[in-house]
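Notes for the one structure printed next.
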Amino acid sequence: KKLAGRGSIRFILIQNRAGKTRLAKWYMQFDDDEKQKLIEEVHAVVTVRDAKHTNFVEFRNFKIIYRRYAGLYFCICVDVNDNNLAYLEAIHNFVEVLNEYFHNVCELDLVFNFYKVYTVVDEMFLAGEIRETSQTKVLKQLLMLQSLE
Amino acid sequence: MPAVSKGDGMRGLAVFISDIRNCKSKEAEIKRINKELANIRSKFKGDKALDGYSKKKYVCKLLFIFLLGHDIDFGHMEAVNLLSSNKYTEKQIGYLFISVLVNSNSELIRLINNAIKNDLASRNPTFMCLALHCIANVGSREMGEAFAADIPRILVAGDSMDSVKQSAALCLLRLYKASPDLVPMGEWTARVVHLLNDQHMGVVTAAVSLITCLCKKNPDDFKTCISLAVSRLSRIVSSASTDLQDYTYYFVPAPWLSVKLLRLLQCYPPPEDAAVKGRLVECLETVLNKAQEPPKSKKVQHSNAKNAILFETISLIIHYDSEPNLLVRACNQLGQFLQHRETNLRYLALESMCTLASSEFSHEAVKTHIDTVINALKTERDVSVRQRAADLLYAMCDRSNAKQIVSEMLRYLETADYAIREEIVLKVAILAEKYAVDYSWYVDTILNLIRIAGDYVSEEVWYRVLQIVTNRDDVQGYAAKTVFEALQAPACHENMVKVGGYILGEFGNLIAGDPRSSPPVQFSLLHSKFHLCSVATRALLLSTYIKFINLFPETKATIQGVLRAGSQLRNADVELQQRAVEYLTLSSVASTDVLATVLEEMPPFPERESSILAKLKRKKGPGAGSALDDGRRDASSNDINGGVEPTPSTVSTPSPSADLLGLRAAPPPAAPPAPASAGNLLVDVFDGPAAQPSLGATPEEAFLSELEPPAPESPMALLADPAPAADPGPEDIGPPIPEADELLNKFVCKNNGVLFENQLLQIGVKSEFRQNLGRMYLFYGNKTSVQFQNFSPTVVHPGDLQTQLAVQTKRVAAQVDGGAQVQQVLNIECLRDFLTPPLLSVRFRYGGAPQSLTLKLPVTINKFFQPTEMAAQDFFQRWKQLSLPQQEAQKIFKANHPMDAEVTKAKLLGFGSALLDNVDPNPENFVGAGIIQTKALQVGCLLRLEPNAQAQMYRLTLRTSKEPVSRHLCELLAQQF
């Protein structure tokens, strides 16, 4: 599938080692079969790599920037010209926010609070772009939302 | 920070999720889900109205079930209802359900527009953001139609909260990407640019992305962003590590914003304003300086954030490609990273250096790292890093280091990962050809490739070595000797047998004087491999054998014996059997002279793009960034290779005019099977009746049909009409019919159709063109019930056309029965640019009366267009390069047809050029680019068509590197609208 436009996130995936998806956020139109295929392909590509490998891997016409935290792989699919390290740290920034928000986040938090994870994502990434990078600002907003009925 | 407890607020949901997790099997899970679905359905259908909380809970359960991979076919209305709740948590679940499921149910969108409108107007920033996020997540055209006009207003409104502005900016970006036509540019654009000055860094972060996207299509409208971006960047880069507080990440001030600003600047050439430029250069230097400072933290996050900015800075420096000092500094910095202990940095340094290698300012600096890069190729653990190392070696290769690089790559090939072997083979083959000083080195290299990685040597590679050996007589003897030696190895790769067989069949005579490689020795060496080879290779060897009979009459008896053997003559494979039968007969029946003619040495191949280069490009995709693909590099390497390669006709270094567009022709796809075949060849030799069915392809064709469309020099020439001299001269035929020009014009933008029709005769055309070659089928239909006699269509080249265009025709039957149709095939080769089309003269007798008719054959120069894609900046750069007055042709003319953009587009594509989007600032205009491929030269063409609907006029501008071509194309195209 050829994708128009350049320079933005195509999707964000959080998967565990077994390949179970903990979050899938799509910034392009894919049909459901295509999504499933992408999820499986990403898992196959990323899980075979070891710690000495880079955090980047070519993927179709794109690249996956990923980092592993315990049993979870956080993957961002971007354009080949995109800045690898900026997205690698965007992942970490996101993970630190989750960690703060869920207080030592673990995989189960993402399962039981899946609907809140989407809110966190939308605060930090929107329309395939980085929306907000300040952890303080994001957490302040999340707490405010948390207090609402 | 207080932590969120598990599933707080929705106990029923948490219980359900736990149940699912506890299911021991897929069946149990499905059972549990079906139970829940039944429960929810009954609640939704029940008489009792559900409260908001229950509705939220059930919708959330449905969403969970959907995310597990099950279809959801109800609950949408309940989700929509949640949108009008005034409670945040209910609204949020409603929006989430819709954003996630919208793909599978676009009906939903229409139902929710109203709710979104209300939320956008609510002045409640939380609700506004929810609505904006929903639009951004869905991003459909319907949403664009409903909201594209409102969002700019929200974005620039003085009273919008910062978080709303952030969301609005990115929401607008999404709508603009999906449907740019729906987003009206207006006075808000200037105010968007000024968001770069906003106090809130989050707003700036979001706004830069929007501006970057908008300015790509409207660079001039957003030009003011350059100075604002530079000053913002400058403030960040020069701030201390704690100045920016919330936006400092591991002691690095605003890394993501810096990266985004640096990327925005890459949409433009260097700033024209000297002060702005000075300030920017200062920033870039500061970043480079900071890279040398000791780290403020040992954490990898610190160095990653810092280096993210550094790599983006280097990208900008490379993009400008105008500051030698910065380029060399960037190269030195990357050189340090090549040996860094972080794999990520080594990888990125190799990748970034690859682009630096193509800048004339830094090419030499990159070359100094050759040993490190070679070492990386040998020692890196991650195959993707090794691959980048191979890419970089390829990019830094020039005359001075080609031998070293090629030999290192060959050595690496022995242990290389299977995944990248083929690519390495292609690269070695290209470098060996491109930088060959003496062609014996080239031949050695390719044979080494076959020896080391025979399985990965694709057809393109060994075809290419045959082309080069065929075209260069100084290397033929060496090649024959070398393959002869290589074939002595007890186990040699089948590709070696193919190359060896072909070369000895052509040039074995050059080494036949040496008793160690006398003809019988050559033959028995080849024949010792025969039985182990595939059918294709055996077929090739049979052709070598028949060539031997011509080269070495003393081998005739032995070879005839081989051909006569039952294993050949009755071979189960049709191709082998046929070749054996034909060759045996040919060798016994034909006289020596005939044999010598039929089997004479292959003529030189017409020069065109190296098939291997094309293959590498296919593998890597467009813009793969290798130095060889880069026009500028080629311009400089041309003169390097000039000394090696004085005759432009032998090696595929493109002519300078090709560099104009910096792109090479794509390879011709496999040519359609040649209509004529060995059968006809034999028929001619034996003087037999033309009705004999055609047999298999000749061996030579078997080679070529994969590689080359038939060209006059190819063996096909043997098969073509042997009497072109019989064509009537131009003086013998009448002038073209009055409508000829009009008929011709109909075919400028299309290839198929009815060329001519009257009461007697209909002439249809079907044609296809690739590169500088074409094939045309003419269909002559007799519309009457009476036979046409002496039917003779011929092609005539008026004036100089003979030297510009070669057209080969085959004779057609002299009688065309009433109601019948005959077909004529024309092979066309464009030798150089031409202005007048060839003429088609058709003569026949109808009811005893002579009829004659002259038409213009629909072959115009644009048929040899190769479309070329390029980015806006490349287009403008090339446009500027063609600014001599004689290179431009322009016409302003009235529209003859309704002005329809789609029709215009189709015509321009039919004309042959690529249509480039996002180049012309005015979206009404059309911009195209392409290369005219002729045998002698390539002509790069750029065109621009500006419709003016009000005046019903067009302005058409052509720029090419050749004056007559510009004018001619302009005239041809102007008549189409």
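The values are calculated or read from the model by the stated rules, or taken from the named source; none is laboratory data. Predicted model, so just to flag it, every value in this text is computed and none were measured. Counting neighbours? That spans all protein chains shown, and the Cβs are built from the backbone with ideal geometry, glycine included. In case anyone asks, the SASA skips ligands and DNA or RNA and just uses the protein heavy atoms, side chains included. Shrake-Rupley method; radii C 1.70, N 1.55, O 1.52, S 1.80 Å.
For the reader, a short list of remarks on this structure follows.
- Some residue of segment B:772-782 being over 26 Å from B:Gly848 (Cβ atoms), small (Gly, Ala, Ser) and either in contact with a Phe, Trp or Tyr (Cβ under 8 Å, 6 or more places away or on another chain) or open to solvent by 60 Å² or more (accessible area, probe 1.4 Å) (or both): yes
- Residue within segment B:198-217 that is open to solvent by less than 10 Å² (accessible area, probe 1.4 Å) and more than 14 Å from chain A (Cβ to nearest Cβ) present: no
- Among residues of segment B:293-328, those that are among the charged types (D, E, K, R) and surrounded by 21 or more Cβ atoms within 10 Å (Cβ to Cβ), counted: 2
- The residue of segment B:336-356 that is surrounded by the fewest Cβ atoms within 10 Å (Cβ to Cβ), among those that are more than 13 Å from every other protein chain (Cβ to nearest Cβ) and closer than 22 Å to A:Ala86 by Cβ, is B:Gln336.
- Note on segment B:259-292: residues that are within 18 Å of B:Arg235 (Cβ to Cβ), in a helix (DSSP H, G or I) and open to solvent by 40 Å² or more (accessible area, probe 1.4 Å) amount to 9.
- Note on segment B:130-153: residues that are open to solvent by 10 Å² or more (accessible area, probe 1.4 Å), more than 12 Å from every other protein chain (Cβ to nearest Cβ) and of a type in the set (A, V, I, L, M, F, W, C) total 2.
- Restricting attention to segment B:299-330, the residues that are charged (D, E, K, R) and modelled with pLDDT of 95 or more add up to 4.
- Condition check for B:Lys529: out of contact with any strand residue (DSSP E or B) (no Cβ under 6 Å at 6 or more places or on another chain), charged (D, E, K, R) and closer than 19 Å to B:Tyr456 by Cα: no
- Residue match in segment B:376-387 (condition: under 25 Å from B:Leu326 (Cβ atoms), away from chain A (no Cβ under 14 Å) and of a type outside the set (S, T, N, Q)): no
- Matching option when the condition is touching a residue at least 60 places away in the same chain (Cβ under 8 Å), touching a Gly at 6+ places or on another chain (Cβ under 9 Å), assigned to a helix (DSSP H, G or I) and surrounded by 15 or more Cβ atoms within 10 Å (Cβ to Cβ), among B:Leu540, B:Leu586: B:Leu540
- Filter result for B:Glu946 (assigned to a strand (DSSP E or B), surrounded by fewer than 21 Cβ atoms within 10 Å (Cβ to Cβ) and free of Cβ contacts under 8 Å to residues at least 60 places away in the same chain): yes
- Which numbered condition B:Asn304 misses (of (1) part of a loop (DSSP other than H, G, I, E, B); (2) facing chain A (nearest Cβ under 9 Å)): (1)
So that you can scan it fast, the table gives a plain yes or no per residue for (1) at pLDDT 90 or above; (2) out of contact with any helix residue (DSSP H, G or I) (no Cβ under 6 Å at 6 or more places or on another chain); (3) more than 8 Å from chain B (Cβ to nearest Cβ):
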position: A:Ser8; (1), (2), (3): no, yes, no
position: A:Phe11; (1), (2), (3): yes, yes, yes
position: A:Ile14; (1), (2), (3): yes, yes, yes
position: A:Lys25; (1), (2), (3): yes, no, yes
position: A:Asp32; (1), (2), (3): no, yes, no
position: A:Lys37; (1), (2), (3): yes, yes, yes
position: A:His43; (1), (2), (3): yes, yes, yes
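- Of the residues in segment B:832-847, none is within 34 Å of the chain's Cα centre (by Cα), open to solvent by less than 80 Å² (accessible area, probe 1.4 Å), under 30 Å from B:Cys267 (Cα atoms) and not aliphatic (A, V, I, L, M).
- Wholly within segment A:52-149, strands (runs of 3 or more DSSP E) carrying at least 3 residues that are more than 7 Å from chain B (Cβ to nearest Cβ) and under 19 Å from B:Ala308 (Cα atoms): A:62-69, A:72-79
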